[in-house]
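Data block below; observations after.
The values are calculated or read from the model by the stated rules, or taken from the named source; none is laboratory data. None of these values were measured; they are calculated from a predicted model. Here the Cβ positions follow ideal geometry from the backbone for every residue, glycine too, while neighbour counts run over all protein chains shown.
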């Protein structure tokens, strides 16, 4: 596996996102980062990592659902926006509601046994929930309608602002991963505890894809087409 930008890796090998998630390699906000540099940052052995990645990709298509459809790179701005709203905004709003309800339940039921962990997780998730819901509203009501029109200095500035929002969400997610042991419930966790962490992991993985599609497909395409 040659060295390349993570965004290019995902473009050439869409199923790589699944492997990168498991290795906690940030391909969404860090799409411009080089593969070998990110491997080194995580203290992975390069040959072992790339061999495992190559082995994973050999039969990934037969085991997993598609992550980043190659056809997305051919879509226009309007079509990409419609896809992001229909696919990620809807799914993530639903997952946020489900996690919020279940997390409040386990916070109450398991408070005595897991107070420190659950208070931290609840606080971080509350911040992430606020960040995401406000971000969705900003995109749907302000930024995306502008992106469907001719590019202006204002719209390009808003794109830059959204990238900052993505960084903020990414930082919260990294804290959540650490606080939950990468969404691993405790051994005495009840089925609701297990389900809560599983849903949270699903939400995070969808957010990664969402951010990648904006940072590495939509925004570069928009900026490239802007003639200011």
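I'm trying to understand the selection: among the residues of the range 24-59, which are in a loop (DSSP other than H, G, I, E, B) and surrounded by fewer than 17 Cβ atoms within 10 Å (Cβ to Cβ)? Please lay out each step first, then the result.
We begin by selecting, within the range 24-59, every residue in a loop (DSSP other than H, G, I, E, B); these are 24-33, 42-45, 59.
If the condition is that a residue be in a loop (DSSP other than H, G, I, E, B) and surrounded by fewer than 17 Cβ atoms within 10 Å (Cβ to Cβ), then 24, 32, 33, 42, 43, 44, 45, 59 are the ones that fit.
Considering (1) without any contact (Cβ under 8 Å) to a residue 12 or more places away in the chain; (2) in the same structural domain as residue 177 (by TED's automatic domain parsing), say which one residue 88 fails and leave the rest.
(1)
Among the residues of the range 96-109, is any farther than 21 Å from residue 173 by Cα and surrounded by fewer than 12 Cβ atoms within 10 Å (Cβ to Cβ)?
Yes - at least one qualifying residue is present in the range 96-109.
Could you list, in sequence order, the residues of the range 9-22 that are more than 19 Å from residue 166 (Cα to Cα) and surrounded by 16 or more Cβ atoms within 10 Å (Cβ to Cβ)?
First, pick out the residues of the range 9-22 that are more than 19 Å from residue 166 (Cα to Cα): 9, 11-16, 18-19, 22.
Within the range 9-22, 9, 11, 13, 14, 15, 16, 18, 19 qualify.
Residues that are modelled with pLDDT of 95 or more and on the phi < 0 side of the Ramachandran plot: which helices (runs of 4 or more DSSP H) entirely in the range 102-197 hold 2 or more of them?
Numbers: elements: 111-138, 144-147, 153-180.
Hits in the range 102-197: 111-138, 153-180.
Among the residues of the range 56-68, is there at least one that is over 22 Å from the mean Cα position of the chain (by Cα), in contact (Cβ under 8 Å) with a residue 40 or more places away in the chain and not assigned by TED's automatic domain parsing to the domain that holds residue 214?
The initial filter retains those residues of the range 56-68 that are over 22 Å from the mean Cα position of the chain (by Cα), namely 58-59, 62.
Of the ones still in play, those that are also in contact (Cβ under 8 Å) with a residue 40 or more places away in the chain are none.
No: the range 56-68 contains no residue that is over 22 Å from the mean Cα position of the chain (by Cα), in contact (Cβ under 8 Å) with a residue 40 or more places away in the chain and not assigned by TED's automatic domain parsing to the domain that holds residue 214.
Can you tell me which residue is surrounded by the most Cβ atoms within 10 Å (Cβ to Cβ) among those in the range 189-228 that are under 24 Å from residue 153 (Cβ atoms) and out of contact with any helix residue (DSSP H, G or I) (no Cβ under 8 Å at 6 or more places or on another chain)?
220
Would it be correct to say that residue 90 is within 30 Å of residue 221 (Cα to Cα) and at pLDDT 95 or above? Steps first, answer last, please.
Working: within 30 Å of residue 221 (Cα to Cα): yes; at pLDDT 95 or above: yes.
In short, yes.
Does at least one position in the range 181-188 carry a residue that is over 19 Å from the mean Cα position of the chain (by Cα), over 30 Å from residue 111 (Cα atoms), surrounded by fewer than 16 Cβ atoms within 10 Å (Cβ to Cβ) and in the same structural domain as residue 82 (by TED's automatic domain parsing)?
Filtering the range 181-188 down to residues over 19 Å from the mean Cα position of the chain (by Cα) leaves 185-188.
Retained after the next criterion (residues that are over 30 Å from residue 111 (Cα atoms)): none.
No, there is no match, as no residue in the range 181-188 is over 19 Å from the mean Cα position of the chain (by Cα), over 30 Å from residue 111 (Cα atoms), surrounded by fewer than 16 Cβ atoms within 10 Å (Cβ to Cβ) and in the same structural domain as residue 82 (by TED's automatic domain parsing).
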